[in-house]
Every structure is written in structure tokens, then in C-alpha cells.
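Written below as C-alpha cells is the structure these notes are about.
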Amino acid sequence: MSENLNQRVIIPDLIKKKRKGEKIVALTAYDFPTAKIVDSVGVDIVLVGDSLGMVVLGYADTIPVTMDEMIHHTKAVSRGVKRALVVGDMPYMSFQISKQEAVRNAFRFVKEAGARAVKIEGASPFRLEIIHALIEAEVPVMGHVGLTPQSVNRIGSFKVRGKNKEEADQIINQAEKLEEAGVFSIILECIPLELAEVITDRLGIPTIGIGAGRFCDGQILVFHDLLGYSTGYLPKYVKKYVDLNKIFIDGISQYVKEVRENTFPSDVYSYHSREIERAFLSRKTKK
Ligand code: KIV
């Protein structure tokens with residue numbers, strides 16, 4: 001399917017892509033200018049991930065991220081995106097307390113922030129109930145299994161999941177339950193590619209991998225990791241396509257140097273008024 005960059009991506013397009021074996025491209029974004037860039041190059045899904053906490057807000061993990069922070073950033077992203085499907089990531093404590101609160105928070109993503117779907121980590125029986133309630137309320141849901149960063153305090157690490165048969169069976173079961181519950185797609189995070197292949201083959205909905213190998217129906221990365229703009233640890237699965245940190249450091253260092261040497265702003269970056277010059281500065285020698 002040749003991409004129509006003027007036509008909004010809708011959920012049935014993603015299912016069609018899976019059926020035709022066409023890869024789905026997803027990427028995170030957290031603000032207006034970067035969302036505009038991501039959208040303009042034809043990314044299909046823009047996820048406003050709660051990874052926001054680490055890559056933008058400087059938290060150690062995703063746990064402190066609040067609904068208000070997510071809404072603030074999702075609004076900015078939605079203003080920058082015309083084509084891609086914007087998905088808002090339900091942060092920790094936004095859906096675990098009650099179904100009613102989960103639905104209210106998901107509505108905020110859609111009504112206030114302009115997202116067209118939400119993502120929820122995990123597949124416990126209560127989460128499946130929440131997912132039912134959201135779909136009943138006409139909010140499309142993306143699932144997320146494998147490594148689920150909001151479980152960090154219970155599990156204690158960010159390591160690869162599903163390397164043994166028992167854990168793999170659990171993850172397969174979760175993915176199948178999520179599909180039954182009606183999610184339109186599932187993120188598979190940090191699992192062996194062999195397991196991602198099994199899940200992808202068994203499901204009718206698309207799988208989107210991050211650290212889950214090439215057999216997924218699509219791929220997602222964190223914007224800052226892909227562009228070399230992250231400050232923290234980079235997992236093995238990240239391919240850094242450019243080194244933005246270096247570009248920023250080079251540019252800003254040059255600015256610092258030129259300000260200190262008084263070579264910036266030179267004349268071309270300055271406004272002039274001959275009248276002011278004549279009235280006030282005639283005694284000064286022009287530089
Ligand atoms: O928060 C996030 O960015 C995510 C992706 C890594 C899938 O959940």
C-alpha cells in the first residue's frame with residue numbers, strides 16, 4: 001500500500017496493514033514541533049508515552065508521571081499531528097483505582113487532549129474489565145505486555161521478559177486475552193523475537209514491538225533514543241540513527257564562545273536606527 005500522507009490513519013488501516021504484511025511505523029512524541037516532524041514523515045502511530053517522565057521531565061522512572069502532565073503534553077502533540085493516530089498512554093494510578101476513574105481519565109485524553117486512543121499496560125483480570133469499559137465508552141485501547149515499566153516496583157528490574165517457557169506462556173495468554181477484550185493492537189516490549197513471532201502469528205490484531213525483534217507487525221521507539229537525544233541508559237534494542245546530543249552540544253558551545261568573544265550578535269543579526277545613532281551615539285566610533 002503506498003502511503004497517502006494526506007489521509008488520516010484510522011484503526012482499520014492498521015488491521016489492513018497486518019493482513020497485507022505491511023509494517024506499521026510508530027514513534028513516541030511529547031511536544032508540538034517534534035510531533036509535527038514525526039507526522040510529516042509518515043509515521044502511522046504517535047504515542048505520547050509515559051516515558052515522558054524519563055526523557056522529558058527528568059524522573060527516574062514512569063511512576064511519578066501524572067494525568068495532568070500527560071494531558072499537557074498530549075495536547076501539544078495533537079496540535080502538531082494531522083495524519084497519524086495519536087495514542088495517549090494511561091499513566092500509573094490513572095486506571096488502577098476504579099473503572100469509573102479509568103473511563104474518566106481516558107475521556108480526558110480524547111476530549112481535552114485530542115488523542116484518538118489510549119494505551120494501558122498489563123492484562124490482569126481487572127485491567128481486562130477496564131479495557132471492556134473503555135471500549136464500551138468508545139475509547140479504542142492499545143494493550144502492552146512483556147516488560148511493563150509501571151510494574152517496576154513489583155518486579156524490580158527492566159530486564160527482558162518471557163525467556164523461559166513458563167513466562168512465555170503467560171505473555172501469550174495475556175496477549176490473547178487482550179485481543180479477546182477488544183484492544184486494536186498490542187505493544188510487545190523487551191521479549192525474545194521468537195516469542196514475538198509466536199504472538200504475532202496467533203493474533204488477528206497488529207503487534208508493535210520495542211525490543212521484540214523483526215517479526216512484529218510494526219515497530220516503535222522512544223523519540224529521544226532514536227535520535228541520540230537521551231541522557232540515560234540506552235537498551236540494546238535501540239538503534240541511534242543520529243546523535244542529536246552532539247549536534248546540540250556543538251551548536252550551543254559555539255554560541256557560548258561567540259557571546260563571550262562578542263562576535264555574536266554581529267551586524268547581520270542586529271536592527272539599526274540611523275536616527276537613534278545620530279541623536280545619541282555620534283560621539284562613539286562605530287564598530
Ligand atoms: O511510554 C512509552 O514510551 C512506551 C513505549 C516504550 C512503548 O510505553
How large is ³J(HN,Hα), in whole Hz, for each residue of the range 66-73 in order, when computed from phi with the Karplus curve 6.51 cos²θ - 1.76 cosθ + 1.60 and θ = phi - 60°, using x for Gly and Pro? 9, 4, 4, 5, 5, 5, 4, 6
If you roll a 1.4 Å probe over the heavy atoms of the protein chains, what accessible area per residue do you get for the range 11-242, in Å²? 45
Percent relative contact order for the range 11-242, counting Cα pairs under 8 Å at least six residues apart, stands at 18
Counting only other residues whose beta carbon sits under 13 Å from that of LEU227, what net charge do I get with K and R as +1, D and E as -1? +1
On a C-alpha basis, how far is the centre of the range 33-95 from the centre of the range 153-173 in Å? Whole number, if you could? 26
Round to the nearest 10 and report in Å² the accessible area of VAL222, as given by a 1.4 Å probe over the protein chains' heavy atoms. 20
Mean residue ellipticity (222 nm) of the chain, computed from DSSP H runs ≥ 4 via -39,500 (n - 2.57), nearest 500: -12000 deg cm²/dmol
Under 11 Å from the Cβ of ASP39, count the other residues' Cβ atoms, weight Lys and Arg +1, Asp and Glu -1, and hand me the total. +4
Hey, can you grab everything whose amide H is under 5 Å from the amide H of PHE158? Only 5+ residues off in sequence or another chain; H modelled, so Pro and N-termini drop out. none
Which of rounded, prolate or oblate describes the range 1-76 when judged by the alpha-carbon gyration tensor and an a/c cut-off of 1.5? prolate
Compare ASP31, ASP243, ASP89 in a GNM of the chain, Cα atoms joined below 10 Å, and give the one with the largest fluctuation. ASP243
Using θ = phi - 60° and Karplus 6.51 cos²θ - 1.76 cosθ + 1.60, couplings along the range 234-244 (whole Hz; Gly, Pro as x): 10, x, 4, 6, 7, 9, 8, 7, 9, 10, 4
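What do you get for Rg/Rh of the chain when both radii come from the Cα atoms and Rh is the Kirkwood radius? Show your work: numbers first, answer last.
On the way: Rg = 23.1 Å, Rh = 20.7 Å.
A ratio of 1.12.
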Around LEU14: net Lys/Arg minus Asp/Glu count, Cβ-Cβ under 14 Å: +4
May I ask you to give the percent of accessible area on the range 35-104 that is carbon plus sulfur, with a probe radius of 1.4 Å? 56
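The values are calculated or read from the model by the stated rules, or taken from the named source; none is laboratory data. What you are looking at is a predicted structure, and each value in this text was computed from that prediction instead of being measured. We place every Cβ from the backbone using ideal geometry, glycine too, and count neighbours over all the protein chains shown. Heads up: the accessible areas ignore ligands, DNA and RNA and are worked out on the full protein's heavy atoms, side chains in. Shrake-Rupley method; radii C 1.70, N 1.55, O 1.52, S 1.80 Å.
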